1. Within the range 62-77, which residues are surrounded by 15 or more Cβ atoms within 10 Å (Cβ to Cβ) and either in contact with a Lys or Arg (Cβ under 8 Å, 6 or more places away or on another chain) or more than 17 Å from residue 116 (Cβ to Cβ) (or both)?
2. Within the range 36-61, track down each residue that is within 30 Å of residue 101 (Cα to Cα), at pLDDT below 90 and either surrounded by 10 or more Cβ atoms within 10 Å (Cβ to Cβ) or polar (S, T, N, Q) (or both).
3. Hey, can you tell me all the residues within the range 108-123 that are under 16 Å from residue 77 (Cβ atoms) and not small (Gly, Ala, Ser)?
4. Could you please find all residues in the range 117-129 being part of a strand (DSSP E or B), surrounded by 15 or more Cβ atoms within 10 Å (Cβ to Cβ) and free of Cβ contacts under 8 Å to residues at least 60 places away in the same chain?
5. Could you grab me the full set of residues in the range 99-110 that are crowded, with 17+ Cβ neighbours inside 10 Å, at pLDDT 95 or above and more than 14 Å from residue 66 (Cβ to Cβ)?
6. Step by step: first the residues of the range 78-90, then only those that are hydrophobic (A, V, I, L, M, F, W, C) and buried (at least 17 other Cβ atoms within 10 Å of the Cβ), then the one that is farthest from residue 129 (Cα to Cα). Which residue is that?
7. I'm trying to understand the selection: among the residues of the range 96-125, which are more than 23 Å from residue 56 (Cβ to Cβ) and among the acidic types (Asp, Glu)?
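The values are calculated or read from the model by the stated rules, or taken from the named source; none is laboratory data. What you are looking at is a predicted structure, and each value in this text was computed from that prediction instead of being measured. No Cβ is skipped: glycine too gets one built from the backbone with ideal geometry, and neighbour counts run over all protein chains shown.
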Amino acid sequence: MKFAIHFAAALLLLSSTGCLFGKKHKQEPPPPVVDLSTGASVTPASTNTFLVTPDLSTVGRVVRVNASLRFVVLSFPIGQTPATGTRLNVFRHNEIVGEVRISDQQRDNNAVADIVLGDAQDGDEVRQK
């Protein structure tokens, strides 16, 4: 029993010393930036400020093309099918090759679109303007 009390007291003493020594370690500001052309010290506008913005654009793929009737069937990620009337650009190898307009024919993650400008091929990517 005595051993347990001494052990608990030693554990309490050791765990509380971490808080005492932790206060010494403060983060120092970064050294000033020196402009080599003038030799003047320049303070940076900000340090470690990052702005992350999610990509909310709709991206789909052409899965079927009917060139004679000028329409395509597009596939989108689940829940990201664009609304009827939305105009999308058609990209092939990161170059715009056409434009389509979403029609009212949609099922699950697929949509039918009319080819407005240019052309489309199976596998082309469609993105919002």
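1. Scanning the range 62-77 gives 72, 73, 74, 75, 76.
2. Our first condition is that a residue be within 30 Å of residue 101 (Cα to Cα); within the range 36-61, this holds for 53-61.
Still in the running and at pLDDT below 90: 53-58.
Residues satisfying the conditions are 53, 57, 58.
3. 108, 109, 110
4. Scanning the range 117-129 gives no hits.
5. Taking the range 99-110 and keeping what is crowded, with 17+ Cβ neighbours inside 10 Å, we get 99-100, 102, 106.
With the extra rule that they be at pLDDT 95 or above, the set shrinks to 99-100, 102.
Answer for the range 99-110, where residues must be crowded, with 17+ Cβ neighbours inside 10 Å, at pLDDT 95 or above and more than 14 Å from residue 66 (Cβ to Cβ): 99, 102.
6. Once the filter is applied, the top-ranked residue is 90.
7. Within the range 96-125, 104, 114, 119, 122 meet the criteria.
Yes/no matrix, rows are residues, columns are (1) within 16 Å of residue 127 (Cβ to Cβ); (2) part of a strand (DSSP E or B); (3) out of contact with any Lys or Arg (no Cβ under 7 Å at 6 or more places or on another chain):
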| residue | (1), (2), (3) |
| --- | --- |
| 54 | yes, no, yes |
| 60 | yes, yes, yes |
| 79 | no, no, yes |
| 91 | yes, yes, no |
| 96 | yes, yes, yes |
| 102 | yes, yes, yes |
| 105 | no, yes, yes |
| 115 | yes, yes, no |
